[in-house]
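Before any comments, here is the structure.
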Protein chains: 6
Amino acid sequence: MFSLTVVDHIMVAHSFRGEEFGPAQRLHGATFVVEAEFRAERLDHLNLLVDIGLAKDELRKCLAPMDYRNLDEEAVFAGQNTTTEYLCQHIHGALAAACKDGRLGPHGPNVAAIKVLLRESHIAWAAFEGPL
Amino acid sequence: MFSLTVVDHIMVAHSFRGEEFGPAQRLHGATFVVEAEFRAERLDHLNLLVDIGLAKDELRKCLAPMDYRNLDEEAVFAGQNTTTEYLCQHIHGALAAACKDGRLGPHGPNVAAIKVLLRESHIAWAAFEGPL
Amino acid sequence: MFSLTVVDHIMVAHSFRGEEFGPAQRLHGATFVVEAEFRAERLDHLNLLVDIGLAKDELRKCLAPMDYRNLDEEAVFAGQNTTTEYLCQHIHGALAAACKDGRLGPHGPNVAAIKVLLRESHIAWAAFEGPL
Amino acid sequence: MFSLTVVDHIMVAHSFRGEEFGPAQRLHGATFVVEAEFRAERLDHLNLLVDIGLAKDELRKCLAPMDYRNLDEEAVFAGQNTTTEYLCQHIHGALAAACKDGRLGPHGPNVAAIKVLLRESHIAWAAFEGPL
Amino acid sequence: MFSLTVVDHIMVAHSFRGEEFGPAQRLHGATFVVEAEFRAERLDHLNLLVDIGLAKDELRKCLAPMDYRNLDEEAVFAGQNTTTEYLCQHIHGALAAACKDGRLGPHGPNVAAIKVLLRESHIAWAAFEGPL
Amino acid sequence: MFSLTVVDHIMVAHSFRGEEFGPAQRLHGATFVVEAEFRAERLDHLNLLVDIGLAKDELRKCLAPMDYRNLDEEAVFAGQNTTTEYLCQHIHGALAAACKDGRLGPHGPNVAAIKVLLRESHIAWAAFEGPL
């Protein structure tokens, strides 16, 4: 199995509902360094998994609606705690749609699975992986 | 599959028996930066995999009996070479027990598997992963 | 010249005033990984620059009033853009006071200068350094 | 499942054929930081997965024919685009052969799979994993 | 003293003349991860050292003529070994000119010095620092 | 001012005397990732600060007498707490001697100062810098 990973980041504000969150119930924020890993069983005739330029562009497009925003006020997250693990799944969905829609080029259909990992600090991160 | 990872570290002395170890047969030491990754198929109603605060606390409790110690003199390791890969499995067992015993809170039973990774330097690390 | 550095982090929300900031004028957030470097010309009779345990504790105390908060609503930052470079100077002031007040132990007076570096992402950081 | 990872690096020149590569069609270069991960279900009686010294030596031997070279002129890569993902598979093959041939010592047959990851920058990397 | 650092990278081919370079006399390549640190004694009324967006843009413009190229064939480097330390000074000159020419905005004149650091691998890097 | 940095590491056991050290009074250990930075005002005619190969070799020679050892039993450290900051100064002395003795080649006399930084974990490090 091959994989190709590209990295970007977002800087967001948010708060959590539920006493389990302790001080994180207050409005606070995070830099999420986002690693998007595309997996495929085979490379194409050029020895590419996906076009790395398109992968970076699509990752940016998936992240742009969140970047420099307060996630508590974004309609797409209404009623959801935007935990790190939840955001991984959300971004996974957006990248999977990009692959299916051909936005990663003709190599998109080669992608068998995507793993999205968000580092919230040097000592904590979360991930979601799944098929397209 | 979701995962959540927290990081801590220990600073230990130890030595190895077996000529394969060369100079590492002498009493020496290591900083092990420990990454504990908890995996689960689903998040709870708050969008949590496990409570990250409890995860950090339990990891610390699992590491405390080793920290700032000479592992050669710890009864729990009698007759064992405390190689990096072996310590990964040892810590995995302690964290799996914490999950089963409810010490990671009600989210513990969601955990399907744990991966423990120990970085012994910038150029070498080991890991053990397995179900609870 | 000797130096000793300890690391901690905070997760904050904030916004900036001034069109130069573009999208960062919106309420957003950041994880700041904080490196506090203490410098001294000499070590003490135990070969210590400052007690690393006290250094970590005081850094945490300096960061606690900011952690998991919206800096826009903190009185101490009223009328200020809490840019990364500004926060470095703010934390420097708090750590310098801790040294002068003896909160870093008898080694505090050995400290000639402090450098505070805040990483806001994997591709951008700022710092402030100055004497006590 | 246990794993043990060792790290080395190479500094190579190369170019790519195919308009998809854009400016990377020009002769350029890369530092590839190479992570070789060996996986096994069991440790030996010394609690070793493979001898870490032999693992480092064999990784170096696999990398030496590429290091400080222009890959466009190496016969082994004739007709191939030496993309990061392709090089991962190439190195995987060389390490798998080393395991099978006993060059990683008696522990070699314990190895179930190898993952080779090449970091081409701080924001992009690729990997190949597969059985021996 | 304040500082602000932004990061980018280039992927280049080159070779060195001089037997001291050993195998690096052959055409090879490198990924250089470039850290550009701008230093100033004071922040402006917005608490900015320099506009981080402009800093990233100007760093990219300074690096673009080198990126994805064989430095041996670039007229600007004729007769020079493009060692890591030399390239640091070269990029320093380009960034200093950008500051003086006002391309980093009205904050440019605040900059007292620039440090350019190039990481050629995880175990080697070089830097050049100097006034504008 | 130019600088060139090379990296190596050691794995040592030791203990500290003095109640300030708390649990670190017990025999424990550390991986020290060692960064040796050589500084010079000028490069030579080949655009080299010092020969990077010789720098790596001499750093290894300076570290070898400590590696895989219990520092409490080394005569050179008798009566000393081998704190991270102390070890930085110790290694600085060894590297400075290597420069003066011509072991870093004809470029050695160009070196104006050396900084030695030891990372003891991902959240703590120390350094010593001084002239030859």
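The values are calculated or read from the model by the stated rules, or taken from the named source; none is laboratory data. Keep in mind the model is a prediction, meaning the values are calculated, not measured. Heads up, the Cβs are rebuilt from the backbone with ideal geometry, glycines too, and the neighbour counts pull from every protein chain shown. Just so you know, the surface numbers come from the protein's heavy atoms only, side chains and all, with ligands and any DNA or RNA stripped out. Shrake-Rupley method; radii C 1.70, N 1.55, O 1.52, S 1.80 Å.
Mind checking the mean number of beta-carbon atoms from other chains within 10 Å of the Cβ atoms in D:80-86?
6
Quick check on the protein assembly as shown: take the gyration tensor over C-alpha atoms, sort the square-rooted eigenvalues as a ≥ b ≥ c, and tell me if it's rounded (a/c under 1.5), prolate or oblate.
Taking the square roots of the gyration eigenvalues as a ≥ b ≥ c, the protein assembly as shown is rounded.
Which FRET efficiency value, to the nearest 0.05, do you get for D:Met1 and C:His45 by plugging their Cβ-Cβ distance into 1/(1 + (r/R0)^6) with R0 = 45 Å?
After rounding to 0.05, the efficiency reads 0.35.
If you take each beta carbon of peptide E:38-51 and count the beta carbons of other chains within 10 angstrom, what is the mean?
The per-residue average across the peptide is 4.
I'd like the mean, over residues of C:58-69, of how many other protein chain beta carbons sit within 10 Å of each residue's own Cβ.
Per residue, the number of nearby Cβ atoms from other chains is 2 on average.
Using only Cα atoms, tell me the angle between helix D:52-63 and the longest principal axis of chain D; keep it within 0 to 90° and round to the nearest 10.
Tilt of helix D:52-63: around 30 degrees.
On a C-alpha basis, how far is the centre of the stretch E:88-121 from the centre of the stretch D:32-57 in Å? Whole number, if you could?
Spelled out, the Cα-based centre of one part sits 44 Å from the other.
Which distance in nm do the two modelled labels at D:His122 and B:Ala97 give, with both placed 7 Å along the Cα-to-Cβ direction?
4.1
Go ahead and estimate [θ] at 222 nm for chain C from helices alone: -39,500 (n - 2.57) per DSSP H run with n ≥ 4, summed, over the residue count, rounded to 500.
Estimated from H runs of four or more residues: -7000 deg cm²/dmol.
Please give the net charge around B:Gly102, taking every other residue with its beta carbon less than 12 angstrom from that of B:Gly102, where Lys and Arg add +1 and Asp and Glu add -1.
-1
Using the beta-carbon distance between F:Arg17 and C:Glu73 and R0 = 30 Å, what value does 1/(1 + (r/R0)^6) give for FRET efficiency, to the nearest 0.05?
According to the calculation, E is roughly 0.05.
Give me the percent of accessible area attributable to carbon and sulfur for chain B, probe 1.4 angstrom.
Summing carbon and sulfur atoms, their accessible area is 51 percent of the total for chain B.
As a test of the definition: with a 1.4 Å probe, what buried accessible area, both sides summed, do you compute for D against B, in Å² to the nearest 100?
1500
Between A and C, which A residue has the Cβ nearest their rotation axis, distance in Å?
Result for the axis mapping A onto C: A:Gly29, 1.
Name the residues of the stretch A:93-132 whose accessible area falls by at least 50 Å² when all protein chains are present instead of the chain alone, probe 1.4 Å?
A:Glu120, A:His122, A:Ile123, A:Trp125
Mind giving me the nanometre distance, one decimal, between the label points for B:Arg26 and E:Asp57, set 7 Å out from Cα along Cα→Cβ?
5.8
Label-to-label distances across copies for E:Arg26, with labels 7 Å out along Cα→Cβ, in nm, shortest first?
Label-point separations across copies, in nm and ascending: 2.4, 3.5, 5.1, 5.1, 5.9.
Using only Cα atoms, find the angle between the long axis of helix C:84-100 and the longest principal axis of chain C, and express it within 0 to 90 degrees, rounded to the nearest 10.
30
E:Asp57 label points, 7 Å along Cα→Cβ, one per copy: pairwise distances from this copy to the rest in nm, shortest first?
Relative to the other copies, E:Asp57 has label-point distances of 2.1, 4.9, 4.9, 5.0, 5.6 nm.
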